1. What do you get for the angle between helix 10-54 and the principal long axis of the chain? Use alpha-carbon atoms, 0 to 90 degrees, nearest ten.
2. Would you mind telling me which residue in ILE20, ILE131, ILE34 has the biggest mean-square fluctuation in a Gaussian network model of the chain, where springs connect alpha carbons within a distance under 10 angstrom?
3. Specify the inter-centroid distance of region 71-91 and region 94-139, based on alpha-carbon positions, in whole Å.
4. Starting from the Cα gyration tensor of region 2-167, take the square roots of the eigenvalues, sort them a ≥ b ≥ c, and report rounded, prolate or oblate (rounded when a/c is under 1.5, otherwise prolate if a/b is larger than b/c, else oblate).
5. Identify, among ILE20, ASN38, THR50, the residue whose Cα sits farthest towards the positive end of the charge dipole of the chain, taking +1 on the Cβ of Lys and Arg and -1 on the Cβ of Asp and Glu, with the dipole about the Cα centre.
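Please treat every number below as a calculation from the coordinates, not as lab data. Not measured: the values here are computed from a predicted model. Don't worry about glycine lacking a Cβ; one is built from the backbone with ideal geometry, like all the others, and counts go over all protein chains shown.
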Amino acid sequence: MRKRQDRRGSALVEFSLAGIASICLLISTVSLGIGMWNYHTLAYAVHESTRYAAVKGHNCTLPGNSCAVTVGTIAQKFASVGVGLPPGQVNVTLTTQSGAVTSCAPLSSCYSNTATWPPSSNSDNKVGNNITISAAYQFQSVMLFFWPGKGSQQVGTIWLPATSTQPILF
């Protein structure tokens, strides 16, 4: 009878110790899953936006055609494909083969940009020329609070990058 009284309350202590570790593991797994989903969505949005611009290049800017795209339409395409990515936390860079750069930092700042892209100047808008769209998303997670070398902060931040290059097809 005496031995049972010595064990009294040990289940509560063991559950508390194991429960804290289990909850941290569960939160870490969910946070990692959200981060990977955001990265995959960012890469998909960059790829689809590059493809969208590549098929609406040189021939779309010729007289009589009205399928040319602007920086604003590319930004809106990116936002529509990048479901769940806040436009205020995504920076997008459009680069032509000659090195002409159009920057949208953040993405929402380019929605009303009416400049044709890729631009016709510098022979950037020719079939076969490469266009590159790069993006970086500022992912924030409570679990990145413990990231080495970050110092003390409330929420951890890491930049997720994605880049896609394709030749102008038409």
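1. Compared with the principal axis, the helix lies near 0 degrees.
2. ILE20
3. 13
4. Judged from the Cα gyration tensor, region 2-167 comes out prolate (a/c at least 1.5, a/b above b/c).
5. Ranked along the dipole, the leading option is ILE20.
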